[in-house]
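J.: One structure is given below, represented as structure tokens, and several questions about it will come after.
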Amino acid sequence: MRPRLDPHRLQALVIGASAGGIDALMHVLPALPADCPIPVVVVVHLPENQPSLLPEVFGPRVDLEVKEADEKEPVEPGTIYFAPPGYHLLIERDRTFSLSVEAPVHYSRPAIDILFETAAAAYGPTLAAMLLTGANEDGAAGLAHVARLGGTVLIQDPDEARIATMPLAGLRAVGDQATVLPLASLALMLRALRTKESR
Amino acid sequence: MNLPIAYPDSDFDIELRLLIEGIYLKYNYDFRNYSPASLKRRVAHALAQMECTTVSALQDRILHSPQHFLNLLQFLTVPVSEMFRDPAYFLAIRDKVVPILSTYPSLKIWIAGCSTGEEVYSLAILLHEEGLLERTLIYATDINPHSLQRAEDGIFPIEHLKLFTANYLAAGGKRAFSDYYTAAYGSAIFDRALRRQVTFADHSLATDSVFSETQFVSCRNVLIYFNRELQDRAFALFRESLCHRGFLGLGSKETVQFSAVSDQFESFARHERIFRKR
Ligand SMILES: C[S@@+](CC[C@H](N)C(=O)[O-])C[C@H]1O[C@@H](n2cnc3c(N)ncnc32)[C@H](O)[C@@H]1O
């Protein structure tokens with residue numbers, strides 16, 4: 001069976017990536033259609049003390065609005081949000097963003113675990129979470145939360161990932177609840193996230 | 001895998017509200033208007049560390065033991081800080097705010113939510129280098145007594161000094177950073193002279209009122225934990241405390257823009273999040 005994301009059931013997509021993550025995101029984010037009906041929230045591990053430039057990098061390459069998430073900002077459909085460097089990004093149950101400077105998790109702030117955990121609590125079974133390449137184990141515990149609350153878990157095929165540590169840790173945490181795919185197939189899944197049925 | 005117990009089931013949410021209410025009734029610490037997601041994570045952490053299986057068990061314990069409540073407070077308050085965090089902020093204070101502050105014969109500065117004191121020593125060093133420290137009174141306030149004590153001690157782990165030093169230089173520091181501390185036993189002990197002008201005090205932005213007129217309020221990475229209503233309460237305190245044309249410095253992701261006092265402040269250094277009372 002070819003796995004599929006149902007745009008009418010899903011309410012949010014969260015993505016985590018670390019080492020090699022920008023390249024990996026270059027494969028998946030541009031696949032999102034302009035009428036994507038859900039918000040896409042992304043944590044990429046980057047150095048803390050510099051502006052991330054992620055919105056500038058991805059803005060011209062995708063069809064959706066791209067921005068850094070602000071605290072208290074409502075999580076809106078059809079928008080790609082990046083976590084600001086030096087802050088953890090959380091989603092509240094009322095579907096607004098919060099930021100926190102609590103200690104780094106797996107040496108990372110923002111941490112993928114914190115985004116995934118809080119998004120799972122906010123969206124439950126209507127969340128899809130995607131874990132990509134990376135050299136540490138951030139995101140694995142978060143995926144376990146997503147799976148436990150009935151969300152969809154997508155993991156980049158570790159054989160293909162630039163660095164397999166993060167996808168492998170994710171797999172260990174959720175086992176066969178994960179759908180494991182190469183980037184090209186993940187991109188195809190995202191392409192189907194559109195308001196109208198494709199002709 | 002180390003999953004916080006019961007988080008994020010709805011039982012947890014119910015118990016969390018009861019806990020927060022209980023803390024307020026018993027200890028008058030008011031977390032009722034804090035953003036829930038982060039609070040919830042931190043309580044989940046506390047559960048694991050304090051070896052309670054449910055939030056209700058934790059509530060039972062802290063209601064009957066102030067010592068356990070103090071332990072819990074360490075989790076609830078996010079005691080995380082850094083010297084010269086966001087060097088550009090301190091550089092803007094040095095280059096743009098100090099020239100105006102130096103026109104006052106005496107100065108009062110309020111650092112709200114000073115945590116373990118890193119921001120206090122950063123500002124004291126900056127004011128010292130700009131020749132203003134002697135005529136300045138700094139109020140450094142927080143709700144966590146343990147953090148306030150550590151702030152007053154001025155002793156920081158030596159392994160943080162590499163980052164602090166880099167930040168200090170990026171913030172326009174004029175000396176060798178090591179002039180300000182003595183290294184001993186894995187710690188950096190900061191010069192006592194830096195805190196001669198500092199009053200450390202317990203003060204809550206959620207429950208207390210204004211205690212002094214000030215020319216500059218620095219409140220960084222505290223408001224991100226508050227909901228809008230509580231943010232507005234804090235902003236009202238800052239507005240009331242600040243003198244005409246006083247300055248308000250916030251964290252790099254905080255703004256007065258969407259608050260109830262937005263029209264009473266203007267942006268002074270936009271990127272560095274420094275505002276000025278109209
Ligand atoms: C993350 S620290 C910020 C430290 C420092 N200002 C900085 O930016 O590095 C947040 C601090 O806010 C304090 N805090 C939380 N609620 C408060 C309140 N109601 N009134 C005053 N301080 C509060 C906490 O105790 C904690 O020390």
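The values are calculated or read from the model by the stated rules, or taken from the named source; none is laboratory data. Please read all numbers here as calculations on a predicted model, not as lab measurements. All Cβ positions, even for glycine, are placed from backbone atoms using ideal geometry, and neighbour counts span all protein chains on display. The area values use the complete protein model at the heavy-atom level, side chains included, leaving out ligands, DNA and RNA. Shrake-Rupley method; radii C 1.70, N 1.55, O 1.52, S 1.80 Å.
J.: How large a share of the accessible area of chain B, in percent, is made up of carbon and sulfur atoms when the probe is 1.4 Å and the other protein chains stay in place?
T.: On the way: 6110 of 12030 Å².
Looking at chain B in its full context, I get 51 percent from C and S.
J.: Which value in nm describes the separation of the simple spin-label points at A:V57 and B:E134, placed 7 Å from the Cα toward the beta carbon?
T.: Calculated label separation equals 5.0 nm.
J.: Here's a follow-up. In debye to the nearest 20, how big a dipole does region A:12-190 give about its Cα centre with +1 on each Lys and Arg Cβ and -1 on each Asp and Glu Cβ?
T.: On the way: 9 positive and 22 negative charges, 47 e Å.
In debye, rounded to 20, region A:12-190 gives about 220.
J.: Might you report the magnitude of the Cβ-based charge dipole of chain B about its Cα centre, with Lys and Arg at +1 and Asp and Glu at -1, to the nearest 20 debye? Mind showing how you got there, number by number?
T.: On the way: 30 positive and 32 negative charges, 143 e Å.
Around 680 debye, computed over chain B.
J.: On to the next question. Report the antiparallel proportion of the DSSP beta bridges in region A:12-190 as a percent, rounded to a multiple of 5.
T.: Working: 6 of 31 bridges.
Roughly 20 percent of the DSSP beta bridges within region A:12-190 come out antiparallel.
J.: Okay, moving on. Using the Karplus equation 6.51 cos²θ - 1.76 cosθ + 1.60 (θ = phi - 60°), what ³J(HN,Hα) coupling, rounded to whole Hz, does each residue of region B:194-200 give in order, writing x for Gly and Pro?
T.: 5, 10, 4, 9, 9, 10, 8
J.: Which positions within region A:64-95 get 50 Å² or more of their accessible surface covered by the other protein chains, compared to the chain by itself, with a 1.4 angstrom probe?
T.: Those are A:E71, A:K72, A:Y87, A:E92, A:R93, which lose 50 Å² or more relative to the chain on its own.
J.: Under a point-charge model restricted to the Cβ atoms of Lys and Arg (+1) and Asp and Glu (-1), what is the dipole moment magnitude of the protein assembly as shown relative to its Cα centre, in debye to the nearest 20?
T.: Values: 46 positive and 56 negative charges, 127 e Å.
So the dipole magnitude of the protein assembly as shown works out to roughly 620 debye.
J.: Let me make sure I get this right: for chain A, a, b and c are the square roots of the gyration tensor eigenvalues over alpha carbons, sorted descending. Under 1.5 in a/c it's rounded, otherwise prolate if a/b > b/c, else oblate. Which is it?
T.: Values: a/c = 1.24, a/b = 1.09, b/c = 1.14.
Rounded.
J.: Also, quick follow-up: Looking at this model, which pairs from A:K72/B:K277; B:K96/B:K277; B:K174/B:K253 are more than 20 angstrom apart at the alpha-carbon? Mind dumping the intermediate values first?
T.: Working: A:K72/B:K277 23 Å; B:K96/B:K277 15 Å; B:K174/B:K253 27 Å.
The answer is A:K72/B:K277; B:K174/B:K253.
J.: Also, quick follow-up: What ³J(HN,Hα) values, in whole Hz, does the Karplus curve 6.51 cos²θ - 1.76 cosθ + 1.60 give for region A:159-166 when θ = phi - 60°, with x put for Gly and Pro?
T.: Once rounded to whole Hz, the list reads 5, 9, 4, 3, 10, 8, 3, 5.
J.: While we're looking at this one, here's another question. Non-local amide H neighbours of A:F82 (under 5 Å, H modeled in plane, Pro and chain starts lacking H): which ones?
T.: It is A:V42, A:K67, A:E68, A:A69, by chain and number.
J.: For the protein assembly as shown, report the accessible area per residue in Å² (1.4 Å probe, heavy atoms, rounded to an integer).
T.: Values: 19720 Å² over 477 residues.
Heavy-atom SASA per residue in the protein assembly as shown reads 41 Å².
J.: A further question on this structure: Restricting to bridges with both residues inside region B:87-277, how much of the DSSP beta-bridge set is antiparallel, in percent to the nearest 5?
T.: On the way: 14 of 33 bridges.
Antiparallel bridges make up about 40 percent of those DSSP assigns within region B:87-277.
J.: Take chain B, connect every pair of alpha-carbon atoms lying under 10 Å apart with a spring to form a Gaussian network, then pick out the residue of B:L194, B:L169, B:L205 with the largest mean-square fluctuation.
T.: B:L169
J.: Place +1 on the Cβ of every Lys and Arg and -1 on the Cβ of every Asp and Glu in chain B, take the dipole about the Cα centre, and give the residue among B:G246, B:S10, B:F164 whose Cα lies farthest towards its positive end.
T.: B:G246
J.: Right, another one. Sorted by accessible area with a 1.4 angstrom probe, largest first, how do B:E254, B:E21, B:E240, B:E134 fall?
T.: Values: B:E254 5, B:E21 75, B:E240 115, B:E134 140 Å².
The ranking, largest first, comes out as B:E134, B:E240, B:E21, B:E254.
J.: With r as the distance between the Cβ atoms of A:E73 and B:I14 and R0 = 41 Å, compute the FRET efficiency 1/(1 + (r/R0)^6) and round to 0.05. Intermediate results must be reported in sequence, preceding the final value.
T.: Values: r = 27 Å, r/R0 = 0.67.
Here the calculated transfer efficiency is 0.90.
J.: Shifting gears a bit: Given the rule -39500 (n - 2.57) for each run of at least 4 DSSP H residues, summed and divided by the residues of chain A, what is its mean residue ellipticity at 222 nm, to the nearest 500 deg cm²/dmol?
T.: On the way: 6 runs with 53 residues, N = 199.
Only helices count here, giving -7500 deg cm²/dmol.
J.: When DSSP assigns beta bridges and you keep just the ones with both residues in the protein assembly as shown, what percent turn out antiparallel, to the nearest 5? Walk me through the numbers on the way to the answer.
T.: Working: 21 of 65 bridges.
Taking every DSSP beta bridge within the protein assembly as shown, about 30 percent pair in antiparallel fashion.
J.: For B:I158 and A:R172, what is the calculated FRET efficiency with R₀ set at 45 Å and r taken between the beta-carbons, to the nearest 0.05?
T.: Details: r = 36 Å, r/R0 = 0.80.
Efficiency at R0 = 45 Å is approximately 0.80.
J.: Here is a follow-up. Once label points are set 7 Å from the Cα along Cα→Cβ at both B:I189 and A:Q50, what is their separation, rounded to one decimal in nm?
T.: Between B:I189 and A:Q50, the label points sit 3.9 nm apart.
J.: Could you check which residue among A:P47, A:P39, A:P167 shows the biggest mean-square fluctuation in a GNM of chain A with a 10 Å Cα cutoff?
T.: A:P47
J.: Between B:T165, B:T103, B:T199, find the one with the highest GNM mean-square fluctuation for chain B; connect C-alpha pairs within less than 10 Å.
T.: Of B:T165, B:T103, B:T199, the most mobile in the Gaussian network model is B:T103.
J.: Here is a further query. For B:F226, enumerate residues with amide H under 5 Å from its amide H, sequence gap 5+ or separate chain, H modeled in the peptide plane.
T.: When sequence neighbours closer than 5 places are left aside, the close amide H contacts are B:S35.
J.: Moving to a separate point now. With solvent modelled as a 1.4 Å probe, how much accessible area in total do chains A and B shield from it at their shared surface, in Å² to the nearest 100?
T.: Values: alone 8940 and 13300 Å², together 19720 Å².
What A and B bury together is about 2500 Å².
J.: Mind computing the radius of gyration and Dmax over the alpha-carbon atoms of the protein assembly as shown? Å is fine for both.
T.: My reading of the Cα-based Rg and Dmax gives 23.2, 77 Å.
J.: If I fit a long axis through the Cα atoms of helix B:66-76 and take the longest principal axis of the Cα atoms of chain B, what angle between them do I get, 0 to 90°, rounded to 10?
T.: Long axis of B:66-76 versus the principal axis of chain B: about 70 degrees.
J.: Which of rounded, prolate or oblate describes region A:124-178 when judged by the alpha-carbon gyration tensor and an a/c cut-off of 1.5? Walk me through the numbers on the way to the answer.
T.: Values: a/c = 2.18, a/b = 1.93, b/c = 1.13.
Here region A:124-178 falls in the prolate category.
J.: Return one number: the angle in degrees, 0 to 90 and rounded to the nearest 10, between the long axis of the Cα atoms of helix B:118-129 and the longest principal axis of the Cα atoms of chain B.
T.: 10
J.: Give me the number: length gained by fully extending B:R32 to B:S262, i.e. 0.36 nm times residue separation minus the C-alpha to C-alpha distance, one decimal in nm. Intermediate values should be presented prior to the final figure.
T.: Working: separation 230, 0.36 × 230 = 82.80 nm, distance 2.38 nm.
Difference between extended and current length: 80.4 nm.
J.: Can I ask one more? Determine, from the Cβ-Cβ distance of B:A201 and B:E21 and an R0 of 25 Å, the FRET efficiency 1/(1 + (r/R0)^6), rounded to the nearest 0.05. The partial results should precede the final answer.
T.: Details: r = 26 Å, r/R0 = 1.06.
Efficiency at R0 = 25 Å is approximately 0.40.
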